[in-house]
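The values are calculated or read from the model by the stated rules, or taken from the named source; none is laboratory data. Every value quoted in this text rests on a predicted model; they were computed, and no experiment measured them. Because the Cβ atoms are built from the backbone with ideal geometry, glycine has one as well, and the counts that use them run over all protein chains shown. Remember, those area values only see protein heavy atoms, side chains included, never the ligands or the DNA or RNA. Shrake-Rupley method; radii C 1.70, N 1.55, O 1.52, S 1.80 Å.
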Amino acid sequence: MGRFEEAEHAYEEALKRKGDDIPTLRDHAQLLWMRTGNADKALSRFATASKLHPNNLGVQLALSRVMGQMGLKDEGFALALEIAKRAPAAPAIQVATANAANLSGDHVQALKFARAARAIDTHDKSAGLAEVQALLALGEPLKANVIIEQQCQLHPQDQYVRAMQAIIWRLLGDARYDKLYDYHRLVRAYELIAPKGWRSVEQYVDEVREALLERHQFHAHPFDQSVKGAGSQITHIERMADSPALSAWTEATLPSLRDYCLCDERTSHLVEEDDQTLVNRYKTWSIRLKRSGRHTDHVHPDGIISSACHILAPEPLNQGPHGWLRFGKPGVLTKPVLEAEYHHRPDEGVIVFFPSYIWHGVTPFEGDGTRLTIAMDIAQN
């Protein structure tokens, strides 16, 4: 609702009652971070809780993760190392330390802690993926393949697991990769359809743009999302009933989505669903990027189809690929390094659909413009 002062006060009142409540500490820190971009201010309550509750390893571990989300990667890893020494038999802590190590670039240490966690529970998905990530950074795709095949059997619907498998296939020259990442068949663009009440797509996009810019009030990125740096994110676009344009988002996109579903056997069954059932799968959000803002390359683990629609595009776009959508560059380090294989130029009022398992991001741009998008997942369930 944009009532940030009230939200901040509510978090502070909650922390007066229970100062080591981890979800409240995290959300309070995230709110302060997104509003100010000031790490010291955002971590103030966490720092107090850490001192008052030194034996609460959950608080310490959450603080380590939040540090990493703010770009304090080395500090977060150092804290995770201290916690891991105190709880060597806790797989969740070993995994968290492995993830912090991968984030800070110490992949040898990441491998050590991921394997320690897997020694306790060989089926632990988080530990397996942390080990795969470390092995890929160290140039060991064959070893990584053994683990990812097990994870694919255990988690066949997880799009992140599938995306990690795709990286390995690409590194090993496996022909299955080309079929899975067939960009010309699976990345498709459609012009939005003007909903009832709008004379044209242009008029509709203008109103969507105005509504979104009014709502993008944050100054820094949220935690655990792909947007980084000079970027902000707001969620549940189609639920914003106070904006007729945003409320009409499903009407503007549903016909194109139905057409896209026919391009792949994995999604063709969605065409049989009635409109409301398909709309219930919508998960939408908006991203605003300014100069130096970026998207880390990522996938959407819980989706089946993902999309991006440009509402405002930075200029100039004819000198791409700056500010363009890019596909195929993994969001994890590999040896050798894998670069993007396909780029798509943004056009205002055009929505691009693609499978949720395809690695995608945004090529950084240095101009003074703003890149404003609505993104959407079609959830698996």
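Against the conditions (1) in contact (Cβ under 8 Å) with a residue 12 or more places away in the chain; (2) outside any helix (DSSP H, G or I), where does PRO156 fall short? Just the number, please.
(1)
Checking ALA62 against (1) at pLDDT 90 or above; (2) surrounded by fewer than 21 Cβ atoms within 10 Å (Cβ to Cβ); (3) within 19 Å of the chain's Cα centre (by Cα), only one condition comes out false. Which one?
For ALA62, the failing item is (2).
Within the group ALA175, ALA189, ALA144, ALA117, which residue is open to solvent by less than 10 Å² (accessible area, probe 1.4 Å) and at pLDDT 95 or above?
Sole residue among the options that is open to solvent by less than 10 Å² (accessible area, probe 1.4 Å) and at pLDDT 95 or above: ALA144.
Kindly provide the set of residues from the stretch 329-348 that are in a loop (DSSP other than H, G, I, E, B), in contact with a strand residue (DSSP E or B) (Cβ under 8 Å, 6 or more places away or on another chain) and at pLDDT 95 or above, ordered by number.
Selection gives LYS329, PRO330, ALA340, GLU341.
Testing LEU129 on (1) open to solvent by 40 Å² or more (accessible area, probe 1.4 Å); (2) aliphatic (A, V, I, L, M); (3) modelled with pLDDT of 95 or more, one condition comes back false. Which one is that?
(1)
Name the single residue, out of those in the stretch 246-285 being in contact (Cβ under 8 Å) with a residue 60 or more places away in the chain and of a type in the set (Asp, Glu), that is nearest to THR373 (Cα to Cα).
ASP259
Table: residues versus (1) without any contact (Cβ under 8 Å) to a residue 12 or more places away in the chain; (2) touching a Lys or Arg at 6+ places or on another chain (Cβ under 6 Å); (3) open to solvent by 40 Å² or more (accessible area, probe 1.4 Å).
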| site | (1), (2), (3) |
| --- | --- |
| PRO301 | no, no, yes |
| ILE304 | no, no, no |
| ILE311 | no, yes, no |
| TRP324 | no, yes, yes |
| PHE327 | no, no, no |
| SER356 | no, no, no |
| GLY367 | no, no, no |
| THR370 | no, yes, no |
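Can you name the residue in the stretch 218-251 that is modelled with pLDDT under 80 and over 20 Å from the mean Cα position of the chain (by Cα) and, of all such residues, is least open to solvent (accessible area, probe 1.4 Å)?
The qualifying residue least open to solvent (accessible area, probe 1.4 Å) is MET240.
Considering only the stretch 332-346, state which residues are farther than 17 Å from TYR183 by Cβ and in contact (Cβ under 8 Å) with a residue 24 or more places away in the chain.
Residues satisfying the conditions are VAL332, LEU333, THR334, LYS335, PRO336.
Kindly check whether there is at least one residue in the stretch 227-234 that is touching a residue at least 60 places away in the same chain (Cβ under 8 Å) and among the polar types (S, T, N, Q).
yes
Of everything in the stretch 257-298, what is open to solvent by 10 Å² or more (accessible area, probe 1.4 Å), assigned to a helix (DSSP H, G or I) and of a type in the set (Ser, Thr, Tyr)? Give them in sequence order.
SER268, THR277 - these are the residues of the stretch 257-298 that are open to solvent by 10 Å² or more (accessible area, probe 1.4 Å), assigned to a helix (DSSP H, G or I) and of a type in the set (Ser, Thr, Tyr).
Given the conditions (1) over 26 Å from LYS125 (Cβ atoms); (2) surrounded by 22 or more Cβ atoms within 10 Å (Cβ to Cβ); (3) more than 23 Å from the chain's Cα centre (by Cα); (4) not hydroxyl-bearing (Ser, Thr, Tyr), which single one is not true for ALA47?
(2)
Is it true that GLU202 is open to solvent by 40 Å² or more (accessible area, probe 1.4 Å), touching a residue at least 60 places away in the same chain (Cβ under 8 Å) and assigned to a helix (DSSP H, G or I)?
For GLU202, the condition - open to solvent by 40 Å² or more (accessible area, probe 1.4 Å), touching a residue at least 60 places away in the same chain (Cβ under 8 Å) and assigned to a helix (DSSP H, G or I) - is met.
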